[in-house]
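Nothing in this text is a laboratory measurement; each read-out follows from the coordinates by a stated rule. In this text, all values refer to a predicted model and were calculated from it rather than measured experimentally. Note that we place each Cβ from the backbone using ideal geometry, even for glycine, and neighbour counts take in every protein chain shown.
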């Protein structure tokens, strides 16, 4: 079965485009004998619509028109036939992968044909007495008895215009100590306008300048949040995504005094509507060295064909890669480009067999439908695996999403008239030993140092080394240094270090690896 949303957006050329949002739940194939009889809404179409469309096409949900009865559905029958027939809808942009994702969407060909035949046959209603019951929906928060709820301090009023809006809201946590987060739930305050939310975390005061610059609550930001946070895309949410519970022995880390930065995408409405969203968290007291990080390991620093500049009136493709330096558990990934981007492909080449695996392929990238793709089952990237990313950008007048008319050269940046080339990876470094528990450490760093924080479970001597993904150079931070049981903070100097992917590797006195932390060394204006 599928969940489907249909709604219209005004694109940058002034044209209204329509979208259907469908969550696949693996609906059974439609028997071929159906096509030899009259197709009616009650008997054939209603079960698909009620189970797969109505979850979003009902009052107070993201889709603007309800699909709760024959009259409502039949009014849009021709449009539904068209967008499903050309497979423009549902908006599941993945065209190929060697793995399954959570929340996969899409219609089987025989379901598309059934809708087509119904419309072409006159969109008949059928016997009302046989109409299936509309499912009952529970929109209450799923995370019961959360340990913390962080809410927007004010209601933000969406302007009521026919274009998308992007705002960042700063939610201080005022936590007195670090927390291991075992479950997360983002709850939209107004589900009819919140299209997505990407939550970053930071412990500095750098966001205050941006927040004070915008006189309204929150501040406007298009592609990113405007500065380098400790961890970008710490958590992502899209409609129909419910509570996320992390596996036993792993957690997201939230540092004391952290700020939650909610980057919310509001859809067009035509009338002013307010939102006041919140994030609900469950904490864990379990000691674990399995920290789930979100790190943009594909970026402008590992391009094989730099510099990143998109000429006017051209289509151009960029390629980047990195070599996995140790066994890694990959839980999900998220490509990121703006309005010129139109294709993405992320694939791996294994070190010995040279076999390749497609992690993600999108042939019709759409910035409005960006999301994180979470694997049903985490996959293991073995040491030596090469991860490749390819993306194409269309800076011609043929690209109806092009914000420039006439076209103009695009450089790197977070703004609408700039572009980015990023792939975020949600990962856990695989470490067999559990002698050290990593506390929160930043996944993105700029400047001359990184503060490395850990909890030592016993008195022992340890060594710490700084290594690069693409360099054989090893920088010794300390060697065979004695540490007592408890929390420790170490300053690691990064001066004159080349920009790119790095990791800190901690070993015990036997030379066994007890902790690994990955980070990307970037320029201060990377997200400006």
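Scoring 209-220, 405-416 by mean Cβ neighbours within 10 Å over their residues and listing the highest first yields 405-416, 209-220.
On a C-alpha basis, how far is the centre of region 296-352 from the centre of region 439-463 in Å? Whole number, if you could? Spelled out, the Cα-based centre of one part sits 28 Å from the other. Ordering of 260-266, 37-43, 108-114 by packing is 260-266, 37-43, 108-114, highest average first (other Cβ atoms within 10 Å, averaged per residue). Could you tell me how many degrees, from 0 to 90 and to the nearest 10, lie between the Cα long axis of helix 109-120 and the main elongation axis, the longest principal axis, of the Cα atoms of the chain? For helix 109-120, the angle is close to 30 degrees. The relative contact order of region 227-381 comes to 21 percent, based on Cα pairs under 8 Å that sit 6 or more residues apart. Taking other Cβ atoms within 10 Å as a rough exposure proxy, 322, 67 sort from fewest to most as 322, 67. Computed log10 I(q)/I(0) for region 71-203 at 0.10 Å⁻¹: -0.62, from the Debye equation with unit scatterers placed on every C-alpha and solvent omitted. Please give the residues of region 480-496, grouped as numeric ranges, whose backbone N is less than 15 Å from a label point set 7 Å along the Cα-to-Cβ vector of residue 509. Counting backbone N atoms under 15 Å from the label point, the list is 480-485. Region 107-163 and region 209-268 have Cα centres spaced 25 Å apart. Largest first, the extents of the alpha carbon coordinates of region 383-445 on the three principal axes equal 60, 26, 16 Å.
Remark: the chain is approximated by an ellipsoid whose semi-axes, taken from the C-alpha gyration tensor as √(5λ), come to 42, 25, 24 Å, largest first.
Each residue of region 311-361 gets 112 Å³ once the volume of the Cα convex hull is shared out per residue. From its DSSP helices (H runs of at least four residues, each -39,500 (n - 2.57)), the chain gives a residue-normalised ellipticity at 222 nm of -2000 deg cm²/dmol. Starting from the Cα gyration tensor of region 148-284, take the square roots of the eigenvalues, sort them a ≥ b ≥ c, and report rounded, prolate or oblate (rounded when a/c is under 1.5, otherwise prolate if a/b is larger than b/c, else oblate). Oblate, since a/c reaches 1.5 and b/c is not below a/b.
The tail of the calculated P(r) for region 436-521 beyond 17 Å holds 43 percent of all Cα-Cα pairs. How large is log10 of I(q)/I(0) for region 203-261 at q = 0.22, 0.23, 0.26 Å⁻¹ when the intensity is taken from the Debye formula with one equal scatterer per alpha-carbon? Listed by q, the Debye log ratios stand at -1.07, -1.12, -1.23. Shape class of region 294-429 from the Cα gyration tensor (axes a ≥ b ≥ c, square roots of the eigenvalues): prolate, since a/c reaches 1.5 or more and a/b is larger than b/c.
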